[in-house]
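A.B. asks: Take a look at this one; I'll ask things after.
The values are calculated or read from the model by the stated rules, or taken from the named source; none is laboratory data. Please read these numbers as outputs of a predicted model, since none were measured by experiment. Neighbour counts run over all protein chains shown; Cβ positions are idealised from the backbone, glycine included. Heads up: the accessible areas ignore ligands, DNA and RNA and are worked out on the full protein's heavy atoms, side chains in. Shrake-Rupley method; radii C 1.70, N 1.55, O 1.52, S 1.80 Å.
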Amino acid sequence: MGKLSVVGIGPGGYEDMTIRADRVLTACEVVVGYHVYVDLVRDRYPDKEFLTTPMTRETERCQMALDAARAGKEVAMVCSGDSGIYGMAGLLYELRGEETEPEISVIPGLTAACSGGAILGAPLTHDFAVISLSDRLTAWETIEKRLEAAAAADLSIVLYNPASRGRPDYLRKACGILLRHLPADRPCGVARNIGRTGESGELLTLERLRDYPADMFCTVFIGNAQTRIAAGRLVTPRGYRHG
């Protein structure tokens, strides 16, 4: 029986991958993943066997990884960002069920909330919520309730999957919900192509964010009541006092 590691590779660049993730990918025999994520590591680990599936084939992808590990191979399932935050770790445990083999090891990675926040400044110094706007696996009614609750609680908010070709107006819809609770001039930011070619960050208000041309390469940040823009950076104080 082999071993299966679920590896968070961070935003995409090698410099943002953990040493532990690199060691696992160097030692493994098989790399499995969504083809876009596999392509991010393929050149650095060219001697591996690569198994990929397109988007929406998550169950098939995880089953391939489990089968390869059961066949005695050392397998790494790669996930963009973190392996547990919107990653494949949970599904792999679900599919393995009550069995204890193959052994599954979860290797954490740098999620977009952290790496995107660093591009914009320090927007997440205090409590925050992360919400995906994709309704492929979560009903929009549930997403709406979560947006309402996070806004009412005055949490800083990070939005993953803000828009796509099939959901071009979802960020606009989300901003409309948030504007029921938050002022139009609430400081916000968008990080795009995090850790990849064309990386950029932009600061704007919640009102302007509603019309922002977001896509799946964007991560969106909405500040809380204390968030401000300082020297071109988005900053949320935690309340530290200088002695």
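A.B. asks: Probe radius 1.4 Å, ligands and nucleic acids ignored: give me the carbon and sulfur share of the accessible area of the stretch 1-48 as a rounded percent.
C.D. replies: C and S atoms contribute 47 percent here.
A.B. asks: Under 27 Å between alpha carbons, and skipping anything fewer than 8 positions from residue 73 in its own chain: which lysines qualify?
C.D. replies: 3, 48
A.B. asks: Rounded to the nearest 5, what is the percent of antiparallel bridges among the DSSP beta bridges in the stretch 111-243? List each step's numbers first, then the result.
C.D. replies: On the way: 17 of 24 bridges.
Antiparallel bridges: around 70 percent, rounded to the nearest 5.
A.B. asks: Let me ask something additional. At 1.4 Å probe radius, can you tell me the per residue accessible area of the stretch 11-150 in Å²? Spell out each step's value before the answer.
C.D. replies: Numbers: 7000 Å² over 140 residues.
About 50 Å² of surface per residue is accessible.
A.B. asks: Could you work out what % of the accessible surface of the stretch 81-138 is carbon and sulfur, using a 1.4 angstrom probe and leaving DNA, RNA and ligands out of the count?
C.D. replies: Working: 1480 of 2780 Å².
About 53 percent, which is the carbon plus sulfur part of the accessible surface.
A.B. asks: To the nearest 20 debye, what charge dipole does the stretch 1-113 have about its Cα centre, counting +1 at the Cβ of each Lys and Arg and -1 at the Cβ of each Asp and Glu? Walk me through the numbers on the way to the answer.
C.D. replies: On the way: 11 positive and 18 negative charges, 20 e Å.
Dipole size: approximately 100 debye.
A.B. asks: Considering the dipole of the stretch 4-87 built from charges on the beta carbon (Lys and Arg +1, Asp and Glu -1) around the Cα centre, which of 9, 86, 46 is farthest to its positive end?
C.D. replies: Ranked along the dipole, the leading option is 86.
A.B. asks: Quickly estimate the mean residue ellipticity at 222 nm for the chain, helices only: each DSSP H run with n ≥ 4 gives -39500 (n - 2.57), and the total goes over all residues, rounded to 500. Before the final figure, lay out each step's value.
C.D. replies: Working: 8 runs with 72 residues, N = 243.
For the chain, the value works out to -8500 deg cm²/dmol.
A.B. asks: So, one more: Relative contact order (percent) for the chain, with alpha-carbon contacts under 8 angstrom and 6 or more residues of separation?
C.D. replies: On the way: 509 pairs, mean separation 49.0, N = 243.
In percent, rounded to a whole number, it is 20.
A.B. asks: Given Cβ point charges of +1 (Lys, Arg) and -1 (Asp, Glu) and nothing else, what value in debye, to the nearest 20, does the dipole of the stretch 122-195 about its Cα centre take?
C.D. replies: The dipole magnitude comes to about 320 debye.
A.B. asks: Net charge within 12 Å of residue 35 by Cβ-Cβ distance, Lys/Arg positive one each and Asp/Glu negative one each, not counting residue 35 itself? Walk me through the numbers on the way to the answer.
C.D. replies: Working: positive: 42, 57, 61; negative: 39.
Within the 12 Å Cβ shell, the charges total +2.
A.B. asks: Moving to a separate point now. I want the antiparallel fraction of DSSP beta bridges within the chain, as a percent rounded to 5. Numbers along the way, then the final one.
C.D. replies: Values: 18 of 44 bridges.
Roughly 40 percent of the DSSP beta bridges within the chain come out antiparallel.
A.B. asks: Taking Cα pairs under 8 Å and at least six residues apart, what relative contact order does the stretch 1-101 come out at, in percent? Please report the intermediate quantities before stating the final value.
C.D. replies: On the way: 179 pairs, mean separation 42.1, N = 101.
The normalised contact order for the stretch 1-101 reaches 42 percent.
A.B. asks: Percent of accessible area on the stretch 170-214 owned by carbon and sulfur, 1.4 Å probe? Walk me through the numbers before you get to the answer.
C.D. replies: Numbers: 950 of 2110 Å².
Carbon with sulfur: 45 percent of the solvent-accessible area.
A.B. asks: If you find the alpha carbon centre of the stretch 118-192 and of the stretch 36-104, how far apart are they in angstrom?
C.D. replies: Using only Cα atoms to place each centre, the spacing works out to 29 Å.
A.B. asks: Also, quick follow-up: Run the dipole for the chain about the Cα centre, Lys and Arg Cβ at +1, Asp and Glu Cβ at -1, nothing else charged, and hand back the magnitude in debye, nearest 20. Intermediate results must be reported in sequence, preceding the final value.
C.D. replies: Details: 28 positive and 31 negative charges, 150 e Å.
I would put it at about 720 debye.
A.B. asks: Also: Could you state the accessible area per residue of the stretch 153-205 in Å², with a 1.4 Å probe and every protein chain left in place? Could the numbers behind the result be given before it?
C.D. replies: Working: 2360 Å² over 53 residues.
With all protein chains present, the stretch 153-205 gives 44 Å² per residue.
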